Amino acid sequence: MITSNYYNAAADLLQRNLRGDRANKIAYIDDVGSYAYRELADRAGRFANSLKRLGVAPEQRILLALHDGIDFPVAFLGAIQAGVVPVCVNTLLTTQDYDYMLQDSRARVLIVSEALLPVFAPILEKGLPHLRHCVVPGTADVGQTAFATLLNESETEKSFAATTADDMCFWLYSSGSTGAPKGTVHAHSSLVQSADLYAKPILGIHEDDVVFSAAKLFFAYGLGNGLSFPLSVGATTILMAERPTPAAVFARLTKRSPTIFYGVPTLYAAMLASPDLPRADAVKLRRCTSAGEALPKELGERWQRHFGVDILDGIGSTEMLHIFMSNQPENVRYGTTGLAVPGYEIRLVNDHGERVKQGEIGDMQVKGPTRAIMYWNNRERSHQTFSGEWTNSGDKYLLDEAGYYVYCGRSDDMLKVSGQYVSPVEVEAALVTHEAVLEAAVVGKADEDQLIKPKAFVVLKAGVAESDALFDNLKQHVKGKLAPFKYPRWIEFVTELPKTATGKIQRFKLRA
């Protein structure tokens with residue numbers, strides 16, 4: 001229960017699953033084995049005690065650079081149990097990125113997967129003033145500590161740090177889709193509140209569910225999907241360390257039989273294009289979700305036709321922790337992001353902060369209880385994003401005639417063509433309805449008169465060859481679906497689009 005005097009998120013999520021028979025129920029299945037809720041709590045308690053033995057004090061930070069496996073929830077929850085702040089970072093970054101994050105967070109301990117050690121080696125060799133220990137799940141080298149050894153040498157800590165609901169609990173670094181990542185600081189109350197507002201009433205998650213998220217735990221979307229949501233109801237979670245390729249995902253869907261699958265549009269497109277797409281009767285899905293980018297209408301409809309299960313497209317952010325606007329079961333409108341999740345408020349405003357009329361494009365602001373406290377050591381960006389009770393999302397939306405929100409693109413990505421706003425998402429959605437197109441991204445480019453016009457980068461489906469005829473056909477295809485001035489004047493065929501580790505298209509790299 002969240003109270004103003006005492007609340008520890010790890011105590012809540014762990015102890016609610018130790019009552020009755022649930023303690024012996026499987027909490028996690030990873031690439032190595034399975035782990036009951038009792039074992040999860042025991043390991044987290046051992047890690048909490050280990051941090052005390054390493055001299056890490058409450059409110060100090062530790063950095064987690066871990067592939068998805070049991071050690072992630074153990075380290076994350078164990079740190080919170082001890083009052084220590086886990087800082088989650090993605091596992092596809094560069095040495096320079098990690099150097100920045102370690103120094104920015106002043107992390108005392110680094111927990112890093114063995115496969116990532118070569119990327120961290122230059123940092124560990126030079127040393128950092130705040131970093132005291134490097135802990136490795138797997139084989140530890142000289143100057144490092146094995147994660148398993150650390151747990152085995154520690155007693156289980158039974159007590160939980162006397163934190164409050166508003167205390168700093170954990171950090172997530174922003175994905176970097178629009179520049180340098182920012183340390184986004186979240187409070188203890190946010191984990192369970194996101195489950196109570198979205199996972200239970202919208203997803204309808206319950207104890208009997210088996211969940212699998214292609215989005216990794218370091219990502220805000222994945223952290224809810226694979227940790228706070230299932231732990232809030234005592235469900236079972238499948239974790240996968242490898243990249244979420246269609247083949248890897250298909251293997252989990254057919255062998256582990258998850259009932260809830262969390263994906264992103266890029267992955268759904270690749271899965272539907274794969275010749276190995278499983279039959280509907282080979283899986284046991286009852287609910288699917290998408291976030292990270294707007295889900296094209298055509299993808300959602302194709303998925304539903306094949307599996308008989310809708311994809312609930314929604315939008316969340318690192319700043320709001322998880323999804324605050326979503327399509328809902330029995331009320332799915334593909335091509336929209338749905339409605340505000342009850343408990344959150346949405347408004348669309350113009351450049352002067354005034355609400356726009358229905359049907360007009362505006363900047364989306366959101367208000368809700370899971371909002372981050374601040375960006376660490378970044379007062380200017382904190383003031384720009386967190387405006388009173390409202391959070392500036394950086395997204396452009398419009399409210400359609402039926403009262404549903406339609407994504408128009410990131411504020412920085414919007415194009416003004418012939419004096420009128422053009423949403424790159426709208427043009428991309430039209431392109432992917434063509435039978436030859438797998439993915440598309442649209443940015444602005446200046447023509448010979450220095451006027452901005454749409455340019456498309458297109459990934460073709462396997463076996464489709466680029467040609468002048470296809471180039472012209474794609475232009476005509478878009479003209480047939482949108483107002484003529486919105487069609488792409490240039491089309492560049494590419495083998496892949498630049499994306500963040502969470503699947504968001506990095507349009508700023510295409511513009512560059």
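The values are calculated or read from the model by the stated rules, or taken from the named source; none is laboratory data. These numbers come from a predicted model, not from an experiment. A quick note on method: Cβ atoms are made from the backbone with ideal geometry, for glycine too, and the neighbour counts reach across all protein chains shown. Side chains are part of the model used for accessible areas, which takes the heavy atoms of the whole protein and leaves out ligands, DNA and RNA. Shrake-Rupley method; radii C 1.70, N 1.55, O 1.52, S 1.80 Å.
Select from the stretch 435-512 those GluC sites (Glu not before Pro) which occupy a DSSP coil region and have at most 11 other Cβ atoms within 10 Å, ordered by residue number. Let's see the in-between values first.
Working: sites: Glu435, Glu439, Glu448, Glu466, Glu492, Glu496; in loops: Glu435, Glu448, Glu466, Glu496.
Passing both the DSSP loop test and the Cβ count: Glu435, Glu448, Glu496.
Over all alpha-carbon pairs in the stretch 167-247, figure out the percentage whose distance exceeds 23 Å.
Details: 904 of 3240 pairs.
Tail of the P(r) past 23 Å holds 28 percent of the pairs.
Assign one of three labels to the stretch 1-109, namely rounded, prolate or oblate, based on the Cα gyration tensor with a ≥ b ≥ c the square roots of its eigenvalues; rounded applies when a/c is under 1.5, prolate when it is not and a/b is larger than b/c, and oblate otherwise. Show your work: numbers first, answer last.
Numbers: a/c = 2.24, a/b = 1.38, b/c = 1.63.
Oblate, because a/c is 1.5 or more while a/b does not exceed b/c.
From the residues Thr289, Val233, Pro329, which one has its Cα farthest along the dipole of the stretch 230-371 in the positive direction, the dipole being from +1 and -1 charges on Cβ of Lys/Arg and Asp/Glu about the Cα centre?
Value: Val233.
Once amide H atoms are placed 1.01 Å from N in the peptide plane, what residues at a sequence separation of 5 or more from Lys499, or on another chain, have their amide H within under 5 Å of its amide H?
Hits under the 5 Å cutoff: Gln506.
Run the accessible area of the stretch 73-199 with a 1.4 Å probe and give the carbon-and-sulfur part as a rounded percent. Write out the running numbers ahead of the final one.
Values: 2280 of 4630 Å².
Carbon plus sulfur share of accessible area: 49 percent.
Please compute the volume of the convex hull spanned by the alpha-carbon atoms of the stretch 100-176 and report it per residue in Å³. Mind showing how you got there, number by number?
Details: hull volume 10.7 nm³, N = 77.
Value for the stretch 100-176: 139 Å³ per residue.
Let me check something: with ligands and nucleic acids excluded, how do Val56, Val464, Val210 order by accessible area (1.4 Å probe), largest to smallest? Write down the numbers at each step before the final one.
On the way: Val56 10, Val464 55, Val210 35 Å².
I get Val464, Val210, Val56, largest accessible area first.
Over 18 Å between Cα atoms, which of Lys297/Lys481; Lys453/Lys475; Lys255/Lys499; Lys445/Lys475 qualify?
Lys255/Lys499
Below 13 Å, Cα to Cα, which aspartates and glutamates can Lys479 reach? Residues fewer than 8 away in the same chain don't count.
Filter leaves Glu426, Glu428.
Would you compute, for the Cα atoms of the stretch 400-512, the largest minus smallest coordinate along each principal axis and list the three values in descending order, in whole Å?
Sorted largest first, the three principal extents are 39, 36, 33 Å.
Using the heavy atoms of the protein chains alone and a 1.4 angstrom probe, what is the accessible area of the stretch 318-367 per residue in square angstrom?
Details: 2280 Å² over 50 residues.
I get 46 Å² per residue for the stretch 318-367.
Probe of 1.4 angstrom, ligands and nucleic acids ignored: what's the accessible area per residue over the stretch 107-263, in square angstrom?
In whole numbers, the stretch 107-263 has 35 Å² accessible per residue.
If one computes P(r) from the Cα atoms of the chain, what percent of pairs lie at distances over 37 Å?
Details: 37668 of 130816 pairs.
Looking at the chain, the distances longer than 37 Å represent 29 percent of pairs.
Just for the stretch 7-141, what percent of DSSP beta bridges are antiparallel, to the closest 5?
Details: 3 of 14 bridges.
Percentage antiparallel, nearest 5: 20.
Could you please report the charge total around His133, scoring K, R as +1 and D, E as -1 over all other residues with beta-carbon less than 12 angstrom from its beta-carbon? Numbers along the way, then the final one.
Details: positive: Arg53, Arg108, Arg132; negative: none.
The answer is +3.
Please give the Cα centre distance for the stretch 230-257 versus the stretch 13-88, rounded to the nearest Å.
Cα centroid to Cα centroid, the span is 19 Å.
Roll a 1.4 angstrom probe over the protein heavy atoms and tell me the percent of accessible area of the stretch 359-473 that is carbon or sulfur. Please report the intermediate quantities before stating the final value.
Working: 2480 of 5420 Å².
Looking at the stretch 359-473 in its full context, I get 46 percent from C and S.
Starting from the Cα gyration tensor of the stretch 335-468, take the square roots of the eigenvalues, sort them a ≥ b ≥ c, and report rounded, prolate or oblate (rounded when a/c is under 1.5, otherwise prolate if a/b is larger than b/c, else oblate). Intermediate values should be presented prior to the final figure.
Numbers: a/c = 1.89, a/b = 1.73, b/c = 1.09.
Since a/c reaches 1.5 and a/b is larger than b/c, the shape of the stretch 335-468 is classed as prolate.
What is the set of long-range amide H partners of Gln328 at a cut-off below 5 Å, with H atoms built 1.01 Å from backbone N?
Arg333
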